[in-house]
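Working notes, structure below.
The values are calculated or read from the model by the stated rules, or taken from the named source; none is laboratory data. If you're wondering where the values come from, they're calculated on a predicted model, not measured in any experiment. Cβ sites come from the backbone with ideal geometry, for glycine too, and all protein chains shown count toward neighbours.
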Amino acid sequence: MTDFRENKEWEKAHELTVAVYEVTKTFPEEELLGLTQQIRLACAAIPIKIAQGCDREDDHQEQVDYLELAKDATIEVEYYLLLCYELNMLASSDYDRLISHVVEVKELLDYFIDKLSRNF
């Protein structure tokens, strides 16, 4: 079994999650159980699913399934970031930085999924 912390996709997803947690500290208090919680949960799902996939390295299809779930979560985070930006809860510079990070994670996942899919 591969240690998920040695996986570059997991590392980048974890960095994104930490960045989202930092940025959302400034969100309005009334959004604590709303948008703040939703974006944090969606973001944390990305490295969680990658880690779970690493635990399934003997079953490539199951590993791909977990990575697909992680990729789905990137799309969810991408939407939440857009919504937060349009609601003026997120500065333009933070939005640009975080969206760039999401795109990077999504591309890494696409590459990893494609690589694994060719092996079975």
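Being at pLDDT 95 or above, out of contact with any Cys (no Cβ under 6 Å at 6 or more places or on another chain) and of a type in the set (A, V, I, L, M, F, W, C) holds for only one residue in Leu69, Leu90, and it is Leu69. Evaluating Val102 against the criteria (1) out of contact with any Ser or Thr (no Cβ under 6 Å at 6 or more places or on another chain); (2) in a helix (DSSP H, G or I); (3) within 22 Å of Thr26 (Cβ to Cβ) leaves one unmet condition, (1). It is to be established whether one or more residues within region 31-45 are part of a helix (DSSP H, G or I) and touching a residue at least 60 places away in the same chain (Cβ under 8 Å). Taking every residue of region 31-45 in turn, none turns out to be part of a helix (DSSP H, G or I) and touching a residue at least 60 places away in the same chain (Cβ under 8 Å).
In region 23-30, the condition of being under 16 Å from Cys54 (Cβ atoms), touching a residue at least 60 places away in the same chain (Cβ under 8 Å), assigned to a helix (DSSP H, G or I) and not hydroxyl-bearing (Ser, Thr, Tyr) is met by no residue. Comparison of Leu87, Leu81, Leu98 shows that the only residue that is out of contact with any Asp or Glu (no Cβ under 7 Å at 6 or more places or on another chain) and surrounded by fewer than 17 Cβ atoms within 10 Å (Cβ to Cβ) is Leu87. Quick check on region 1-50: of everything there that is over 16 Å from Leu87 (Cα atoms) and among the small types (Gly, Ala, Ser), which residue is surrounded by the most Cβ atoms within 10 Å (Cβ to Cβ)? Ranking the qualifying residues of region 1-50, first place goes to Ala13.
The residue that is modelled with the highest pLDDT, among those in region 1-30 that are charged (D, E, K, R) and farther than 21 Å from Glu104 by Cα, is Lys25.
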